[in-house]
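A quick write-up on the structure given underneath.
The values are calculated or read from the model by the stated rules, or taken from the named source; none is laboratory data. What you are looking at is a predicted structure, and each value in this text was computed from that prediction instead of being measured. Neighbour counts are summed over all protein chains in view; Cβ atoms, including those assigned to glycine, are modelled from backbone coordinates with ideal geometry.
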Amino acid sequence: MIIFEGQFKGWYLIKGIIAFNDENYIKKIAVIYPDRTEYTELPVTKKGLINFVFEIKEKAQKLIICPDEEVKQIKPVRIKKISKLEVLLRMYRRIIPVFFDKNLPNLELIHVLKLNLAKALLKPKETYYQVSYARAKRLCQIISYEEWIENFDNLTDEERKKLSEKANSMNIKVSLLIPWVEDLESVMGTINSIKNQIYKDWELFVCTENEKDYKVLTHLYGDDKRITIILTKKPFDFFIKQAGGNFLGIVFSGDRLSEKALVSMLTNVDEITDVVYSDSDFIVNGKRTDPQFKPGWNYEYLLAYDYIKNLVLFRKTKILEIGGFNQEVGSYVIYDALIRISEKVKRENIKHIPQVLYHSTNAKKIEDWDKYLPYLKEYLNKKACILTVEKGIIPHTFKILYKIPSPPPVVSIIIPTKDKYELLKGCVYSILTKTKYPEYEIIIVDNGSQQKETFEFFNEVSLIDKVRIIRLEMSFNFSKIVNAAVPYAKGSYVVLLNNDTEIISEDWIEGLLSYACIDDVGAVGAKLLYPDGRIQHAGVIVGLHGVADHAFKGLNGNNFGYMYRAVLPQELLAVTAVCMMFRREIFEKVGGFDESFSINFNDTDFCLRLIEKGFRVIYNPYVILYHHEHATRGENMWESFMLKQAQKEKIRFVKKWKKYVLSDPFYNPNLNRYRNDFSIGFFNK
């Protein structure tokens, strides 16, 4: 705590820099009056900067900053009384840039707080506090799912009316199937959630093998012409023959649909849409929990794990193309249909609605995991590129390994370096001693080394057949170094590798190559750990912190991540070039790295240009390396010119890739854009 004593009344400015141990960026000021204590919220930036104006309306005798915690003053905290004119000037100085400096964080502030310039100018005090607290909250606020539901998932009467008007204007029929009845009470809840839909053009088939359940359900729902109760052991065969809808969906007994589920799904359907799916959650003991905020269509992730679950609507013609639903796979029936239909539809024909529209009471049955494995094997083994298909270490996940080309192609490992020979030595010898793959070469690209020990190491390793040294005399520009080095490569596959990395597993090249050799894959990245075992990189999320950053950075290396995303292969917009493999012909096709990004975001820019050309970018967490981040060129580099240049490149990147910064299809707008852990976002889009 930081204590100030004296007589306080009026407007005050508090400034300074503090360090603290938690991630709460809204601290407290305790205002001590003779007869009571009151508290004011104090917003702090991520770097601990305090710059805040507040008012004390009555005489106070003491102020305590952060009364309930210990903080360290990096720059002494000062309190200064200021005039009303200065108050206005400082408030306007914070407010006005929000409207004119149109970066992503400011656009979000305007959207979420519903700000307009006229009101802000007329009510500066109100707007100043709104902006100040919202900035801090978006950095630190981890809201509970209950709070998220309260803030973002309750329909107002006006919203319900608008959705009803939309529903009445649409002409798409939906056929739904409840394939089996677990118990009467649970299935009645499911049926009632469908009857309660804002969208009315649906039909429902409820199947059961139990004659008693059939009679009860017929008695309860027989008068609704949209509902058909069937006594059958083959629900999916009956459904395909009788369904009259343009789109088909399966709803499991006991699960619930949000009242806006169908209208929200169908609003986003057009003539090319073949599959549409939503976010979902679970109901446990009557309470909604465990939200599944899903990415857009992600084939590799889907192979490893059924991240889509439900609600899913399929165009009927596409289900007919794949021969209908597979009754033999139990609770994997939707997943199986998605896997089989994926070859019949294009990415743009599959739409994701980032709204929680389905509430599940059923987890997949563990016996169905075993039951489905041979079906997945049978399907995937038809592909020439598949090596093995097996169960993953996490229940209901699968591990798919791809073949590598035969004979094995030469892989060129390019390692840019400048001095720091101890790191380089550790990197190079970890490759030489641990790599099982036979056909590789190491190209060490020296860019301005000066230390004697470095050149002694160069002389030492240049005697090894697999190692070559090339020297590039130029000022540091990572993109230029890469572009100049790739032509030296003998291999048809190239790995960019930082000199401050360390190989862990012997099959790391095979892990990267098995994806890089797939025709439509442009780049493959690895999972990187800090030396203490925390995650440094599990792929790149574009738009994170307003630009781009690494998924799950800072989490324990054993953490599976949200929806297992730290440990399962998946498509992403980008991976880091700290360890990245690509085919040389693809590198040349897109023109290499953009040399205007000399320091930052050159790898992300490269990946996005691959995406724009129709290639996929893959994160493979089975390939794991250690990374001593920023050790390569030292901290001094980042304290002056390089920091300024990096800031320019950040601005340029955001401008160039605004559409992805605003919306990364492999993230979810309900997740936090200012944290790396995939926690729920305070600013919901």
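Residue check: is Ile431 touching a helix residue (DSSP H, G or I) at 6+ places or on another chain (Cβ under 8 Å), surrounded by 18 or more Cβ atoms within 10 Å (Cβ to Cβ) and of a type in the set (A, V, I, L, M)? Considered against the rule, which asks whether it is touching a helix residue (DSSP H, G or I) at 6+ places or on another chain (Cβ under 8 Å), surrounded by 18 or more Cβ atoms within 10 Å (Cβ to Cβ) and of a type in the set (A, V, I, L, M), Ile431 comes out as no.
Of the residues in the range 319-334, not one is closer than 19 Å to Glu571 by Cβ and not in a strand (DSSP E or B). Select from the range 196-243 the residues that are touching a residue at least 40 places away in the same chain (Cβ under 8 Å), touching a strand residue (DSSP E or B) at 6+ places or on another chain (Cβ under 6 Å) and assigned to a loop (DSSP other than H, G, I, E, B) and list them in ascending order. Of everything in the range 196-243, just one residue is touching a residue at least 40 places away in the same chain (Cβ under 8 Å), touching a strand residue (DSSP E or B) at 6+ places or on another chain (Cβ under 6 Å) and assigned to a loop (DSSP other than H, G, I, E, B), namely Ala243. In the set (1) farther than 17 Å from Phe239 by Cβ; (2) out of contact with any Asp or Glu (no Cβ under 9 Å at 6 or more places or on another chain); (3) assigned to a loop (DSSP other than H, G, I, E, B), Lys364 fails one condition alone, (2).
Of the residues examined, Tyr429 is not one that is outside any strand (DSSP E or B), of a type outside the set (Asp, Glu) and touching a residue at least 40 places away in the same chain (Cβ under 8 Å).
From the list Asn210, Asn192, the one residue that fits, being modelled with pLDDT of 95 or more and surrounded by fewer than 17 Cβ atoms within 10 Å (Cβ to Cβ), is Asn192.
Assess whether Leu423 counts as being in a helix (DSSP H, G or I) and touching an Asp or Glu at 6+ places or on another chain (Cβ under 8 Å). Yes. Checking each residue in the range 594-611 for being assigned to a helix (DSSP H, G or I) and not aromatic (Phe, Trp, Tyr) picks out Asn602, Asp603, Thr604, Asp605, Cys607, Leu608, Arg609, Leu610, Ile611.
Which ones in the range 531-584 are under 21 Å from Phe293 (Cα atoms) and among the basic types (Lys, Arg)? Lys553, Arg565 - these are the residues of the range 531-584 that are under 21 Å from Phe293 (Cα atoms) and among the basic types (Lys, Arg). Test each condition in (1) buried (at least 21 other Cβ atoms within 10 Å of the Cβ); (2) in contact with a Gly (Cβ under 6 Å, 6 or more places away or on another chain); (3) of a type in the set (S, T, N, Q) for Asn499 and report the one that comes out false. Only one criterion is unmet by Asn499, namely (2). Taken over the range 502-543, the criterion of being buried (at least 21 other Cβ atoms within 10 Å of the Cβ) and charged (D, E, K, R) is satisfied by Glu510, Lys527. Considered as a group, the residues in the range 586-605 that are modelled with pLDDT of 95 or more and among the polar types (S, T, N, Q) include one that is farthest from Ile618 (Cα to Cα), and that residue is Asn602. If you go through the range 663-673 and keep only what is surrounded by fewer than 22 Cβ atoms within 10 Å (Cβ to Cβ) and in contact with a His (Cβ under 9 Å, 6 or more places away or on another chain), you end up with just Pro665. Checked against the criterion of being crowded, with 16+ Cβ neighbours inside 10 Å and part of a helix (DSSP H, G or I), the candidates Tyr437, Tyr375 yield just one match: Tyr375. Quick check: is even one residue across the range 654-662 under 12 Å from the mean Cα position of the chain (by Cα), surrounded by fewer than 20 Cβ atoms within 10 Å (Cβ to Cβ) and not aliphatic (A, V, I, L, M)? No: the range 654-662 contains no residue that is under 12 Å from the mean Cα position of the chain (by Cα), surrounded by fewer than 20 Cβ atoms within 10 Å (Cβ to Cβ) and not aliphatic (A, V, I, L, M). Test Ile283 against the stated conditions and say whether it is touching a Ser or Thr at 6+ places or on another chain (Cβ under 6 Å) and not in a loop (DSSP other than H, G, I, E, B). Considered against the rule, which asks whether it is touching a Ser or Thr at 6+ places or on another chain (Cβ under 6 Å) and not in a loop (DSSP other than H, G, I, E, B), Ile283 comes out as yes. Within the range 130-145, the set of residues being in a helix (DSSP H, G or I) and at pLDDT below 90 comprises Gln130, Val131, Ser132, Tyr133, Ala134, Arg135, Ala136, Lys137, Arg138, Leu139, Cys140. In the range 471-482, is there at least one residue being touching a residue at least 40 places away in the same chain (Cβ under 8 Å), in contact with a Phe, Trp or Tyr (Cβ under 6 Å, 6 or more places away or on another chain), buried (at least 21 other Cβ atoms within 10 Å of the Cβ) and aliphatic (A, V, I, L, M)? Scanning the range 471-482 turns up at least one residue that is touching a residue at least 40 places away in the same chain (Cβ under 8 Å), in contact with a Phe, Trp or Tyr (Cβ under 6 Å, 6 or more places away or on another chain), buried (at least 21 other Cβ atoms within 10 Å of the Cβ) and aliphatic (A, V, I, L, M). In the range 400-420, the qualifying residues are those that are in contact with a helix residue (DSSP H, G or I) (Cβ under 7 Å, 6 or more places away or on another chain) and in a loop (DSSP other than H, G, I, E, B), and the one that is nearest to Phe476 (Cα to Cα) is Asp419.
Every condition in (1) buried (at least 20 other Cβ atoms within 10 Å of the Cβ); (2) part of a strand (DSSP E or B) holds for Lys294 except the one numbered (2).
Cβ-Cβ distances below 6 Å connect the following pairs, each with a first residue in the range 54-83 that is assigned by TED's automatic domain parsing to the domain that holds Thr37, a second residue that is hydrophobic (A, V, I, L, M, F, W, C) and in a loop (DSSP other than H, G, I, E, B), and a separation of six or more residues or different chains: Ile64/Met1; Cys66/Met1; Pro67/Met1; Val71/Phe20. In the range 327-376, the residue that is farthest from the chain's Cα centre (by Cα) out of those that are among the basic types (Lys, Arg) and within 22 Å of Thr190 (Cα to Cα) is Lys365. Scanning the range 237-268 for residues that are small (Gly, Ala, Ser) and either closer than 20 Å to Leu338 by Cβ or not assigned by TED's automatic domain parsing to the domain that holds Glu328 (or both), which turns out surrounded by the fewest Cβ atoms within 10 Å (Cβ to Cβ)? Residue satisfying both the conditions and the ranking: Gly245. With respect to (1) modelled with pLDDT under 90; (2) loosely packed, with under 15 Cβ neighbours inside 10 Å, the lone exception for Glu55 is condition (1).
Take the residues in the range 163-189 that are of a type outside the set (S, T, N, Q) and surrounded by fewer than 13 Cβ atoms within 10 Å (Cβ to Cβ); name whichever of them is nearest to the chain's Cα centre (by Cα). Filtering the range 163-189 for residues that are of a type outside the set (S, T, N, Q) and surrounded by fewer than 13 Cβ atoms within 10 Å (Cβ to Cβ), the one nearest to the chain's Cα centre (by Cα) comes out as Glu165.
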